[in-house]
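What follows is a short report on a single structure.
Rule-based calculations on the coordinates, nothing more; no lab input. Quick caveat, the model's predicted, so the values are computed rather than measured. Neighbour counts run over all protein chains shown; Cβ positions are idealised from the backbone, glycine included.
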Amino acid sequence: MPKFPSSQWVEEYAKKLNENDAYKDAGKTWEGDLVFVVEKDQSFPKDVYIYLDLYHGECRKAVYAESLDQIPKAAFTYKGPYSNWRRLINKEIDPIQGILTGKFKLEGSMMKIMRYTKAAKEMVNTATMVQTEF
Amino acid sequence: MWFFRSPEIVFGEDSLSYLSTLDLKRVVIVTDRYLKESKVISMVKNSLPASAQIVVVGDVPAEPSFDDMLPSLENVRNFSPDWFIAVGGGSSIDTAKILFALYERPDLSVYDITPIVKLNLRKKSRLIAIPTTSGTGSECSWAAVVSERGEKRKNELASKEILPDIAILDPKMVIDLPEEQTRNTATDAIVHAIESYVSSWRNPYSDALAEKAIELITGNLPSVLIKADNIKAREQVHIGASMAGLSFSNSQIGLAHALGHAFGALFKIPHGKSVGIFLPSVVRFNYPYCSDRYDRLNAIFPEDIREKKLDLTLENFLNKIGQPLKIHQMGIDEKNYSNQVETIVELASESTGITTNPRDANREDIRNIAMSVVNLSK
Ligand SMILES: [Fe+2]
C-alpha cells in the first residue's frame, strides 16, 4: 500500500486517474498543469510537491518531488498542510470548500477552476480510490 | 468549518422608510430602463434624506455583460458616491455589486471578484439592495452573474465582500410585479430552497431557511396569483424568496440550476422558468440519494397540492400556478431543442451546481434530464 505522499503514491494516483472515466469526461477540455503542495505540519516534516500535467482528460505526466526545482513551473498550485491533505483524501473536506475556508490555497485563475469543479471533485474521488497509507 | 453570511435585513410594511434613518449623502441608484421612470424609483427617492444627492444609473440590460456596465462605471466614478442602492431584479442588483466593487477598487478587473482575492472594499461606500421581484435572492447573496458578450457562457463571480450591507424587503416594491414575473421569480425561489436543502454544502442554517421559505412561498403564492394586490401574501412570498436566497447563498444550488442556466442562455428563457422546468426531473433523479430530506420538504407543501412524493407535488404545484413542465408549452420547437441538447449538456457540466448536487450526474444522466422536458409523443 503506497504511503502518502511518495513517488509510489503519485504513480498509483496517475494510473487510477487515467482509468477513471468520470474524470476523463469532466476534464476532457482541460489544458494545464498543476502542482499540489503538501506543506509540512506537526505530523509531517517537510514540504513536498506533486506535479501533474493534465491534458484533455488525461494525466500525461506525474512527478513526485521534494524540491521545487525538480518540477516545471505550473499554471495552478493547490497547497495546504499535510493534515488537511489527509482529510481531503478521506473526503472530510470538499476541495472547493477547502479553498473558501482557508484550509487550502489556490494560485491560478479561480474563474477557470470554477468551470472544472466536476473534474476537481473527480480528482479527489480518484485519490480516495488509491489504497493509501498515511 | 463553514460560514453563515447575511446582510442586515429590513422587512415588512414601510421598511423603505429605513432609508431616511441612514446617513446617505451621495447616492447612486442602480436600476434598469423599465424601472428608471417608475413608481418604485420615486418611492425610493422619496424615502432618502432630503439632503441626499442622487444619480440614477438606469440602463442595466437584462443579463448584462461587463462591457454594458463600463459607461455607468465612468459616471459613478465621476460622482463619487458614499452609498449604492440597487433597485430591481437580479440583473440590477448584480450590476450594482460589480459597480460597487470596481468603484471601490479601480485597479481591479471584474475577474478579480473571486473568493480567493481579498478585495478590501467599503473604503468609500456601501451597498443596499432593494429587490422588486421575489425570487432571485441576489439581495442576500455574495454572487453576481455577468454575461460574456457574444458568448453563451455566463461568469459566476463571487466574493463575500460584494454581499450587500443592507437588504430592504418592502412589499410595496413588489405589489405591481406582473403575474408572469411573479410566477417565474417565485419558481426560482422554490428551486433555490429545494436545491440548497439537499446540496452537499448544506448546513443547519441553510436547512432552516429553506424549510421556512417553502412554507411561506407555497402557502402564499396562490393567493398572490388570485389577487395581485394582496399585500400580506406578497410580503410573505417576498420574505420567503429572500430566505431561499440566503439558504442557497450559504450552501449551493444543484442540477436544476446547472441545466437551467445553460437552457436559459441558449433559448433566452427567463431564469425562473428555465430552472423550474427541470426541477421535477432533477428531484426524481436525486430521490434515492436524499429521500428523507425530500419527504420532509414535501410535508411542508399545502395539503391540497401535496402528493406522495416531492417530484409529483412539484409537478402539481407548477402546473397549478401555470408554469410550463414541457418545452412545447414555452413555444420552443422540440426538434430545435433536441438538436442543441448536447450544448446544454456541455454547459451544464461546467456549472458549479453539478458538483454540489446530492447525486453525481454524468453526461448521460444530464442528457436524460435535459430530454425529460421534451414531449415527443405529443
Ligand atoms: Fe436561481
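A few remarks follow.
- Beyond 19 Å in Cα-Cα separation lie the following of the pairs A:Lys121/B:Lys154; B:Lys45/B:Lys172; A:Lys15/A:Lys40; B:Lys45/B:Lys227: A:Lys121/B:Lys154; A:Lys15/A:Lys40; B:Lys45/B:Lys227.
- Counts of other chain beta carbons within 10 angstrom of each beta carbon in peptide B:347-355 average 5.
- Each peptide in B:242-250, B:56-64 gets a packing score, the mean of other Cβ atoms within 10 Å over its residues, and the list from highest to lowest is B:242-250, B:56-64.
- Alpha carbon convex hull of chain B, volume per residue in cubic angstrom: 132
- Eigen-decomposition of the gyration tensor built on the alpha-carbon atoms of the range B:151-297 gives equivalent ellipsoid semi-axes of 23, 19, 17 angstrom, largest listed first.
- Rg and Dmax of the protein assembly as shown, both derived from C-alpha coordinates alone, stand at 23.6, 74 Å.
- Helical segments meeting 24 Å axial Cα length and Kyte-Doolittle 0.0 threshold in chain B (DSSP H): B:204-226, B:231-249
- Peptide B:358-365 shows a mean partner chain C-beta count of 2 within 10 Å per residue C-beta.
- Proximal aspartates and glutamates relative to A:Lys103, as straight alpha-carbon distance under 13 Å, when same-chain residues fewer than 8 apart are discounted: A:Glu39, A:Asp41, A:Glu92, A:Asp94
- Average partner coverage of A:105-118, which counts Cβ from other chains inside 10 Å: 5
- The range B:8-173: antiparallel DSSP beta bridges as a percent of all, rounded to 5: 20
- Residues B:Glu303 and B:Ile116, FRET efficiency given R0 of 41 Å [Cβ-Cβ distance, rounded to 0.05]: 0.30
- Largest to smallest principal axis extent of the C-alpha atoms in chain A, angstrom: 38, 31, 31
- Most to least packed among A:72-84, B:28-40, B:121-133 [average Cβ atoms within 10 Å]: B:121-133, B:28-40, A:72-84
- Cβ charges +1 (Lys, Arg) and -1 (Asp, Glu), total dipole of the range A:7-127, debye: 300
- Over the range B:186-246 - Rg/Rh using Cα atoms and the Kirkwood inverse-distance radius: 1.02
- Highest average first, the peptides B:269-277, B:319-327 ordered by how many other beta carbon atoms sit within 10 Å of their residues are B:269-277, B:319-327.
- Of A:Lys24/A:Lys91; A:Lys3/A:Lys28; B:Lys39/B:Lys326, those spanning more than 24 Å from alpha-carbon to alpha-carbon: A:Lys3/A:Lys28; B:Lys39/B:Lys326
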